[in-house]
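Peer 1: This is the structure I have questions about; it appears just below.
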């Protein structure tokens, strides 16, 4: 079976994707700065000292973005690369130093992959790179499609540089797919974790007037999109990885509240000015509507197991 090399494989998406790939018979190599520690120091095989096994057919190997190093043996074993590496956009307040970290963690890791692919022997057939719907600005009256220009705000420029930094792999004859992911719905973390917090005390928190549109995707469907992009040889270029039916902030909050509190909750509205004080520049992403089209990925033959918010939340909770 084929081997998939993953950057950013220890994050929420990477962990879920690694397990899904392994369950479907793929060998998975996750790049880590400390592979022995990450894999709990379990050797894979004496003839492949660079690898350390976690469980099953998931392995770990070393890379260092700052030193621009990647284990050549990890690259030589890979048939496909899934590029997920990047500092969490919503993990910390957007100071200038944090914004630099968010950008460079994406562009420098892409540059390392490109450099390694150019300088080392390999058999890589395709690179599937994450991007994000942060590429798009606020709604312009119709759903965003892949050919729409990037926004000139921080996330738009970051996504532009992110995609640009991985694009040179096409110049060396490798198929490249860029997936602009929406807000990922998972019970293990991400956006839903933040929405759940006030529901512990029965508060269904509506941000601003709650009318802002969220383009989202269930974690299982997102990982299936990555697998589909690996298998579907005709896929190349940019695809939006979002469910077919976006939802408003109010719809998301109330659907989640119904499942978690059995409708025993009260509604709490957080005004826009309070969000701006607490979140700073990041509040623009919370307050904007981003209606993004899934038409292109569906026309490529992909079907969603969780096309509606109700189905997604029902599955997760």
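Every number here is computed from the coordinates shown, using simple stated rules; none is lab data. This structure is a prediction, so every number in the text was calculated from the model and none was measured.
Peer 1: Obtain the radius of gyration and the Kirkwood radius of the range 239-309 from its C-alpha atoms and give Rg over Rh.
Peer 2: 1.07
Peer 1: A follow-up question, please. Please work out the Cα center distance from the range 90-162 to the range 202-265, rounded to the nearest Å.
Peer 2: Between the Cα centres of the range 90-162 and the range 202-265 lies a distance of 20 Å.
Peer 1: Restricting things to alpha carbons, tell me how big the range 97-149 is in terms of Rg and Dmax, in Å.
Peer 2: 15.7, 48
Peer 1: So what's the back-of-envelope 222 nm ellipticity for the chain, counting only DSSP H runs of four-plus at -39500 (n - 2.57) apiece and dividing by all residues, rounded to 500? Mind showing how you got there, number by number?
Peer 2: Working: 12 runs with 117 residues, N = 317.
So the calculated ellipticity at 222 nm is -10500 deg cm²/dmol.
Peer 1: Per q in 0.15, 0.26, 0.30 1/Å, what log10 I(q)/I(0) does a Debye calculation on the alpha-carbon atoms of the range 138-177 return?
Peer 2: -0.47, -0.93, -1.03
Peer 1: Suppose we look only past 23 Å in the calculated P(r) of the range 64-168. What percent of the Cα-Cα pairs does that tail hold?
Peer 2: Values: 1881 of 5460 pairs.
Across the range 64-168, Cα pairs with separations above 23 Å total 34 percent.
Peer 1: So what is the orientation-averaged projected area of the range 215-268, using the convex hull of its C-alpha atoms, in nm²?
Peer 2: Details: hull surface 19.5 nm².
Across all orientations, the range 215-268 yields a mean hull projection of 4.9 nm².
Peer 1: A further question follows. Can you give me the three principal axis dimensions of the range 187-304 from its C-alpha atoms, in Å, biggest first?
Peer 2: 48, 32, 20
Peer 1: Relative contact order for the chain using alpha-carbon pairs under 8 Å, separation at least 6, rounded to a whole percent? Write out the running numbers ahead of the final one.
Peer 2: Numbers: 594 pairs, mean separation 51.0, N = 317.
Relative contact order comes out at 16 percent.
Peer 1: Whole number please: convex hull volume per residue of the Cα set in the range 151-255, in Å³? Mind showing how you got there, number by number?
Peer 2: Values: hull volume 13.1 nm³, N = 105.
Given the Cα convex hull of the range 151-255, per-residue volume reads 125 Å³.
Peer 1: Once both axes come from the Cα atoms, what is the angle between helix 154-166 and the longest principal axis of the chain, in degrees from 0 to 90, rounded to 10?
Peer 2: That works out to roughly 20 degrees.
Peer 1: How high is the relative contact order of the range 67-150, in percent, with contacts defined as C-alpha pairs under 8 Å that are six or more residues apart? Let's see the in-between values first.
Peer 2: Details: 66 pairs, mean separation 35.2, N = 84.
Normalised by residue count, the contact order of the range 67-150 is 42 percent.
Peer 1: Moving on. Can you list the equivalent-ellipsoid semi-axes of the chain, largest first and in whole Å, using the square root of 5 times each Cα gyration tensor eigenvalue?
Peer 2: Details: eigenvalues 228, 90, 75 Å².
Calculated on Cα positions only, the semi-axes equal 34, 21, 19 Å.
Peer 1: Next question, about the same structure. Report the residue, chosen from 27, 91, 79, that carries the largest GNM mean-square fluctuation when the chain is represented by alpha-carbon nodes joined by springs under 10 Å.
Peer 2: 91
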